[in-house]
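Since the structure comes first, as structure tokens, the remarks are kept for the end.
The values are calculated or read from the model by the stated rules, or taken from the named source; none is laboratory data. Note that the structure is a prediction, hence the values are computed from the model and not measured. Note that each Cβ is placed from the backbone with ideal geometry, even for glycine, and that neighbours are counted across all protein chains shown. Ligands, DNA and RNA are excluded from the accessible area calculation, which covers all protein heavy atoms including side chains. Shrake-Rupley method; radii C 1.70, N 1.55, O 1.52, S 1.80 Å.
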Amino acid sequence: MFEGIEMAPPDAILGLTESFKKDPRPEKVNLGVGIYKDAQNNTPVFQSVKKAEERLIAEEKTKSYLPIPGDPAYGLAVREMVFGAEHEILGSKRAVTVHTPGGTAALRVGGDFIRRNLSCRRIWVSTPTWENHGAVFNAAGLDVGTYPYYNAADKVLAFDAMAGALERVPGGDVVLFHACCHNPTGIDPTVDQWRQLAVISQRAGFLPFFDFAYQGLGDGLKEDARGLQEFCRSGCEILVASSFSKNFGLYNERVGALTLVAGTADAAERAFSQLKICVRTNYSNPPNHGGAIVTTILRDAALRALWESEVREMCARINGMRTLFVDTLRRLGIKQDFSFIARQKGMFSYSGLTAEQVDALREQKALYIVRSGRINVAALTPDNIEPVCRAIASVL
Ligand code: LMR
């Protein structure tokens with residue numbers, strides 16, 4: 001039965017890491033997958049995470065199953081992080097959260113929920129978007145449409161085209177937004193533009209679904225939620241997929257959450273019962289460890305303060321690398337204007353490099369970049385910046 005199976009293509013992002021690992025060249029640099037590196041080229045465990053883990057190991061009494069939607073304390077901590085503890089959405093109990101294995105499972109559970117419970121069959125995603133979005137929603141049985149997002153000529157948000165396209169989205173469809181640090185472009189709407197998008201969503205009648213994978217890596221933990229919160233008017237309905245891979249450095253623990261905001265507490269309770277079926281038929285109930293770390297940190301004032309300082313430190317290093325990247329290219333005599341890199345937010349920079357240039361960099365310079373031209377700025381270090389910039393200069 002397996003003889004006729006065809007070889008699948010490698011994953012656009014994680015497949016690159018597989019090739020990188022096999023590459024014997026000592027000078028190789030991987031700027032593909034979105035993983036943070038410190039100045040010494042390590043991806044360290046956060047101190048706050050280590051301390052939370054020590055506490056969890058000392059206090060752990062059982063490895064029994066978690067409930068289908070996970071620990072309620074985790075759900076509450078996630079909602080407080082997304083909306084703020086005082087938000088009406090929390091007080092009115094119209095938001096519910098399920099703990100998912102990573103942000104990807106949050107997107108998939110959201111897709112399954114939409115397919116099973118709404119008449120909608122289509123989700124709209126930005127062009128470009130994260131390489132895996134379309135595949136995840138297709139796998140959930142949804143059709144994927146696209147709306148314009150990026151003006152490649154000027155390297156800015158194509159806001160008018162985006163807004164115009166979203167005005168025409170049929171009522172009842174779903175629209176995916178990146179809540180902050182848009183992956184791959186690193187370009188977000190301004191708060192005023194988010195406000196306009198919220199008005200459009202209400203007028204057009206589509207359901208906003210936020211992928212919130214980088215909270216804290218843009219302008220700050222609270223600030224990064226401002227766009228999403230423009231949609232949080234009374235009675236609003238939204239979905240939010242959170243990921244704690246990057247902002248807690250918990251990549252391999254696979255820790256995320258799907259939060260559903262309904263118009264009323266009663267509707268939220270019914271939706272929650274359906275979300276539980278989506279979880280039960282996917283992975284039954286979530287793995288405990290990563291979620292327990294996040295809950296422990298967010299509920300303890302000292303650990304939380306330590307974690308927040310670690311997130312700020314990570315951002316400062318990334319932003320420092322953005323500036324150094326632009327300065328180094330300029331110092332190497334590159335006439336092309338790369339100053340836009342310093343204005344982009346989060347881990348990624350949409351460099352404008354073509355697929356051919358990316359291929360040449362991999363083959364000739366052992367420099368690994370996603371074929372869309374997306375560069376993981378968070379993997380640049382004081383040691384590799386010069387060779388990386390020289391390599392890029394050689395293909396321009
Ligand atoms: C990325 O975009 O590089 C990350 O979100 C990792 C992944 O799973 O693709």
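For the reader, a short list of remarks on this structure follows.
- Scanning residues 5 or more positions from VAL175 or on other chains, those with amide H under 5 Å from its amide H are TRP124, LEU207, PHE209, with H placed 1.01 Å from N in the peptide plane.
- Restricting the trypsin sites (Lys or Arg not before Pro) of segment 140-244 to loop positions (DSSP other than H, G, I, E, B) with no more than 14 neighbouring Cβ atoms within 10 Å leaves ARG168, LYS222, ARG233.
- With a cut-off of 9 Å between beta carbons, the residues surrounding ALA12 carry a summed charge of -1, where Lys and Arg count +1 and Asp and Glu -1.
- Placing a pseudo-label 7 Å from each Cα along the Cα-to-Cβ vector at SER64 and ASP154 gives an inter-label distance of 6.0 nm.
- Extension gain (nm, one decimal) between GLN336 and LYS21, 0.36 nm per residue minus Cα-Cα: 110.2 nm
- Per residue solvent-accessible surface (Å²) - the chain, probe of 1.4 Å: 45 Å²
- Table column - 3J(HN,Hα) (Hz), segment 10-19, Karplus curve with 6.51, -1.76, 1.60, x for Gly and Pro: x, 5, 4, 10, 6, x, 5, 5, 4, 5
- In order along segment 241-246, the phi-based Karplus estimate (6.51 cos²θ - 1.76 cosθ + 1.60, θ = phi - 60°) of 3J(HN,Hα) comes to 9, 9, 10, 10, 4, 8 Hz; Gly and Pro are listed as x.
- Helix axis angle, 72-83 relative to the chain longest principal axis, alpha carbon, degrees: 60 degrees
- Cα gyration tensor shape of segment 117-275, rounded if a/c is under 1.5, else prolate or oblate by comparing a/b with b/c: rounded
- A straight line joining the Cα centroids of segment 134-151 and segment 206-242 runs 19 Å.
- With at most 12 other Cβ atoms within 10 Å, longest stretch of the chain clear of loop GluC sites (Glu not before Pro) (DSSP): 87-396
- Efficiency of FRET between LYS222 and GLU54 - r from beta-carbon atoms, R0 30 angstrom, step 0.05: 0.60
- Once backbone amide H atoms are built at 1.01 Å from N, TYR147 has VAL125, SER126, THR127 as its partners under 5 Å, excluding neighbours fewer than 5 places away on the same chain.
- Solvent-accessible area, 1.4 Å probe, carbon plus sulfur percent, for the chain: 52 percent
- Each 5 Å bin from 0 upward holds the following percent of the Cα-Cα pairs of segment 338-396: 4, 19, 31, 30, 14, 2.
- Average Cα contact separation per residue, segment 205-299, under 8 Å, 6 or more apart, as relative contact order %: 23 percent
- Rel. contact order, % - alpha carbon contacts under 8 angstrom, at least six apart, the chain: 25 percent
- For the chain, the longest principal axis of the C-alpha atoms and the axis of helix 385-395 are separated by about 70°.
- Using alpha-carbon coordinates, inclination of helix 47-59 to the longest axis of the chain, degrees: 40 degrees
- Taking 1.306 mPa s as the viscosity and 10 °C as the temperature, the Stokes-Einstein diffusion coefficient of the chain based on its alpha-carbon Kirkwood radius rounds to 72 µm²/s.
- Cα centroid of segment 303-322 to Cα centroid of segment 44-67, whole Å: 22 Å
- Trypsin sites (Lys or Arg not before Pro) restricted to segment 1-83 and DSSP loop, no more than 12 other C-beta within 10 Å: LYS61, LYS63
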